Amino acid sequence: MSKLPKLPSIRDLIRIYNLKAKQQLSQNFIMDKNITDKIISLAGLELENALCVEVGPGPGLLTRSILDSGARNVVAVEKDARFIPTLEQLQEASDGRFSVLLGDMLTIDHSLITRSGLEQKSNADGSIKSFDHVHLVGNLPFGVATPMLIQWLKLLSLKSGIFGTSNVSMSLMFQKEVGDRITAGASDSARGRLSVISQSVCDAFKIYNVPASGFVPRPKVDATVVQLRPLEKPLLKSSLGTLEHVVRFSFMKRRKMLARIFKDWDPERIALLEECEIDPTLRPQDVTTEKFCQLAHIIEQRGIKLP
């Protein structure tokens, strides 16, 4: 697959179209293609025969790195209409490999994304079959990154929308603190609700750190790219919503031992910990994801109402 033809630089496009980052949308642009090339390289994605969905491409530098890596079917979802002209220019230069949809990734109909990708696939080789792989990629706005991730994890647990394929992965950029929480293991100081929810359905690990100096405007914090891939042996037997409720309840008093947390709720509920072989002297951050999933399963199965 040939690389993109020579295009105006992202800096030039930002100047020509007067594309200033909007603080209310948590926008920060990466200007160095060496960084975006590195992200895609380290992600190790099988892009040639996959549907790659980019969330919030902005002016399109990460998109260029995705296309230059050999991706054949790339669909970007962009909420900010100001970027559509630059992305349409990239679409024209992509030889039918890239299309852009104006919309909010939190509310967009996923069938529109799949259909757009399949149209590219049909134009390329006459095929209208579904994709074997789906990769979600994006430099997420820091202000909405966590609710986006939780929504996608729920869809993944239900195998719904673009997450209904047999092989799906996410390579997403978060502020470093959030990336630390997503990947934190048991007894890690960064461990919390997001750690357990993410790791109940995915392997989660960092692949690349991006310093604040790599963005324009420069944010107050560094960023990190986290990759999430579905677990081969799922831990989650309840709904993700029940697990989310259990861990939120537990981590509200994260400095207390579980025995105290459950006793304050109902002294008889301490038996749930014993049933799951969870040491009641542990604090929430010390409990493994597997044990939290067991606890959520029992609570859901018996219709127990949490506070």
**Request:** For region 83-94, take each phi angle, set θ = phi - 60°, evaluate the Karplus expression 6.51 cos²θ - 1.76 cosθ + 1.60, and give the result in whole Hz per residue in order, putting x for glycine and proline.
**Result:** 8, 4, x, 5, 6, 5, 5, 5, 4, 5, 8, 8
**Item:** Rounded tilt (10° steps) of 145-158 against the dominant C-alpha axis of the chain
**Value:** 80 degrees
**Request:** Show the residues, 5+ positions off or on another chain, whose built amide H is closer than 5 Å to the amide H of residue 167.
**Result:** 134
**Asked** In debye, nearest 20: dipole of the chain around its Cα centre with unit charges on the Cβ of K, R (+) and D, E (-)?
**Response** 820 debye
**Request:** Please list 98-104, 3-9, 170-176 highest first by mean number of surrounding beta-carbon atoms within 10 Å per residue.
**Result:** 170-176, 98-104, 3-9
**Prompt:** Rounded, prolate or oblate: which fits region 240-301 when a ≥ b ≥ c are the square roots of the eigenvalues of the alpha-carbon gyration tensor, with rounded for a/c under 1.5 and prolate only if a/b beats b/c?
**Reply:** rounded
**Complete:** Calc'd 3J(HN,Hα), region 96-101, phi into Karplus 6.51 cos²θ - 1.76 cosθ + 1.60 (θ = phi - 60°), Hz, glycine/Pro = x, comes to x, 9, 9, 9, 10, 10
**Item:** Cα coordinate range in region 20-94, projected on the principal axes (Å, largest first)
**Value:** 35, 24, 17
**Request:** Any chance you could give the angle, 0 to 90 degrees and rounded to 10, that helix 289-301 forms with the longest Cα principal axis of the chain?
**Result:** 70 degrees
**Prompt:** Could you name the lysines in cross-link range of residue 253, using Cα to Cα under 23 Å and dropping any fewer than eight places away on the same chain?
**Reply:** 263, 291, 305
**Fill in**
The aspartates and glutamates whose Cα lies under 14 Å from the Cα of residue 233, excluding any fewer than 8 residues away in the same chain, are 203, 290
**Complete:** Computed, not fitted: 222 nm per-residue ellipticity of the chain from DSSP H runs ≥ 4 (each -39500 (n - 2.57)), nearest 500, equal to -11500 deg cm²/dmol
**Request:** Write down the Kirkwood hydrodynamic radius of region 153-224, to one decimal in angstroms, obtained as one divided by the mean of 1/r over all alpha carbon pairs.
**Result:** 13.5 Å
**Stretch in the chain that is longest and holds no GluC sites (Glu not before Pro) that DSSP places in a loop and that have at most 15 other beta carbons within 10 Å** = 49-231
**Asked** Taking only C-alpha pairs under 8 Å that are 6+ residues apart, what is the relative contact order of the chain in percent?
**Response** 15 percent
**Asked** What angle, in degrees between 0 and 90 and rounded to the nearest 10, separates the Cα long axis of helix 33-43 from the longest principal axis of the Cα atoms of the chain?
**Response** 50 degrees
**Request:** Could you pull out every residue, at least 5 positions away or on a different chain, whose amide H is within less than 5 Å of the one on residue 101? Hs are placed 1.01 Å off N in the peptide plane, and Pro or chain starts have none.
**Result:** 76, 77, 78
**Fill in**
Of all DSSP beta bridges with both partners in the chain, the antiparallel percent, nearest 5, is 40 percent
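Read-outs: derived from the displayed coordinates by stated rules, not from any lab. Note that the coordinates shown come from a computational prediction; the quantities given were computed from them, not determined experimentally. In this analysis, Cβ positions are derived from the backbone assuming ideal geometry, glycine residues included, and neighbour counts consider all displayed protein chains.
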